[in-house]
């Protein structure tokens, strides 16, 4: 997944017993899409001995955040499918779980309920790959955010059918088509919710490569087919070749181009597809390279701590630095090795990542493993402050690059991080196994390189020692240069972000220009420079310069105020990565291998 943060949610739970010929089916009505309400009918076959059925809605999906989708649910009712007039008693057990009582609900007195029908509505109109949305324009569905499940029967076959589909809409999903129109089947609930669905008047094209069929579904106007197809072809061809072949026969890219990127932009990986929201087709390459590599790293090369999936609560793992951060390493590798980036762009990106980590004081006390464990806190603005946390995406990408250089140096460029990924794919994914969150990664690296990496993992993964950039980059004839430069500073912090959250000032820096202008904690920010407030102020700030004048429109005690002040300056390190003159033959071989993905 690319930021906003995203997660994996699917493998079939083999340990659940699977009743013969049982199929849980869903009908999702798209009637009156402008009301943003999915009407769901869930049909649950019952065994003769069943006295009750427990159903639940996941508490989380896509993001490493407990988002409690059940708060969106309304009008939950149950009935006997053989007699829709025969209501079945249903009782809510907790915020996400209901119990349907089957006793006394027969079509005629004393008869057993053969199939229970659960009806409910759920409201969604949130854009982006981590959410679901229904409006007059289209529908995008992450099924775990919409469809309930029977916790003890997640391994049963499922079928979902869309009803009341607006005229002119088509439906696309990376699932087998069912017999009825607009329906799809899945081998389990977990398989179903790992395949989002797009409905609307989308564009579509496809191509075949190396025995794999690739579909591209596009919603939006800001794109050109020739350019997008070239990007997707280059990325898929390289990454499939890198990993020794595709683990699927068909793969689908769902793209949303346009205003989606303003709220909820980014990418979300799935086993055989990905959903990506960016401003335009020209901006798709970076997210595409990252998300497609997830088809191997995290969807199939998977940490044990994420198995089996538990939809009811947080699932903690120390390995997100590898699952997400090293996937970012390979996203940047792919862009450089396919020519979508120049070598200088690759250097600039990596130097920028190092600068981002350096600018966060928390890197001195929070390890990248601890950042992985803390992923569930990312929804809190205070947690994201530089003195509170680092990003496992950011440091994980850097650690991936450094580990690759260390392996190449130790093996005279005969082995690389590429070999580690392929080894883990063979040893774990292809064998249906999952790696130990910490030791599994170190062991694979040591087996490939033939040396111990105890100090590397202890110091830079589990620990907070400063990464020895000078030593590691020198192995490739590179030098990391640093200079102090003035960066803009807002002078205040906020809480509350997102499409429906109010952005409120939480702290104002004493002595800052913001304080002098009269900004106070508790002020609600409504606009910036006469325009809608940017979704993420730090990202907006990086595009500004110290000394610029800004005007905030704020609300305080039911009164609206305009506060004008200049952006202050804060000194930060700016890094650049350059090739040193007079590099040795080995340094040149390591550098060329690192950049081009080659070994000797």
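The numbers here are math on the coordinates, done by the rules we state, and not lab data. These figures come from a predicted structure and were not determined experimentally. Using ideal geometry, Cβ is built from the backbone for each residue, glycine included, and neighbour counts are taken over all protein chains shown.
Please compute the modelled spin-label separation between residue 103 and residue 600, points set 7 Å along Cα→Cβ, answer in nm with one decimal.
7.8 nm
Under 8 Å for C-alpha pairs, at least 6 residues apart: give me the relative contact order for the range 314-404, rounded to a whole percent.
49 percent
As a footprinting exposure proxy, order 280, 230 by other Cβ within 10 Å, with the fewest listed first.
Ordered from fewest to most neighbouring Cβ atoms within 10 Å, 280, 230 come out as 230, 280.
If I stretch the segment between residue 227 and residue 433 completely, what's the gain in nm (0.36 nm per residue apart, minus their alpha carbon distance), one decimal?
Fully extending the segment from residue 227 to residue 433 adds 70.3 nm.
For a test of the definition: using alpha carbon positions, the gyration tensor, and the 1.5 limit on a/c, classify the range 491-566 as rounded, prolate or oblate.
rounded
How far is helix 585-596 tilted off the main Cα axis of the chain, in degrees rounded to 10, range 0 to 90?
30 degrees
Quick check: pseudo-label points 7 Å beyond the Cα along Cα→Cβ at residue 462 and residue 316, how many nm apart are they?
Label-label distance for residue 462 and residue 316, simple model: 1.6 nm.
For the chain, what is the mean residue ellipticity at 222 nm derived from helices alone (per DSSP H run of n ≥ 4: -39500 (n - 2.57); sum divided by total residues; nearest 500 deg cm²/dmol)?
Value at 222 nm, helices only, nearest 500: -6500 deg cm²/dmol.
With a ≥ b ≥ c taken as the square roots of the eigenvalues of the C-alpha gyration tensor of the range 170-321, please select rounded if a/c is under 1.5 and otherwise prolate if a/b is larger than b/c or oblate if it is not?
rounded
For the residues 390, 301, what sequence is obtained by ranking on other C-beta atoms within 10 Å, fewest first?
Ranking 390, 301 by Cβ neighbours within 10 Å, fewest first, gives 390, 301.
Which entry is the computed percent of Cα pairs over 49 Å apart for this structure: (i) 25; (ii) 15; (iii) 8?
For percent of Cα pairs over 49 Å apart, the calculated option is (ii).
At 0.36 nm per residue, and after removing the present C-alpha to C-alpha distance, how many nm does the segment from residue 203 to residue 49 gain when stretched out fully?
That works out to 50.6 nm of additional length.
How far, in degrees from 0 to 90, does helix 417-427 lean away from the longest principal axis of the Cα atoms of the chain, to the nearest 10?
Compared with the principal axis, the helix lies near 30 degrees.
Is the shape of the range 272-376 rounded, prolate or oblate, going by the alpha carbon gyration tensor and its root eigenvalues a ≥ b ≥ c, with a/c under 1.5 for rounded and a/b larger than b/c for prolate?
It is oblate, given that a/c is not under 1.5 and a/b is not larger than b/c.
Quick one: compute the contact order of the chain, relative version, from alpha carbon pairs under 8 angstrom and 6+ residues apart, as a percent.
It comes to 12 percent, rounded to a whole number.
Would you mind calculating the relative contact order of the range 202-295 from Cα pairs under 8 angstrom and at least 6 residues apart, reporting the percent as a whole number?
29 percent
Given R₀ = 30 Å, what would the calculated FRET efficiency be for residue 359 paired with residue 307, taking r from the Cβ atoms and rounding to 0.05?
0.25
For the pair residue 75 and residue 561, how long in nm is the line joining their label points, each one 7 Å along Cα→Cβ?
Computed distance between label sites residue 75 and residue 561 equals 4.5 nm.
Taking the 0 to 90 degree range and rounding to the nearest ten, how far is the long axis of helix 439-449 tilted relative to the main principal axis of the chain, both from C-alpha atoms?
Around 50 degrees separate the two axes.
Which FRET efficiency value, to the nearest 0.05, is calculated for residue 282 and residue 91 with the Förster distance at 60 angstrom and r the Cβ-Cβ distance?
Step by step, r from the Cβ atoms, then E = 0.70.
Where does each of 341, 594, 540 land when they are ranked from fewest to most other beta-carbon atoms within 10 angstrom?
Lowest to highest Cβ neighbour count: 540, 341, 594.
Residue 377 to residue 66: extension gain in nm, 0.36 nm per residue of separation minus the Cα-Cα distance?
111.0 nm
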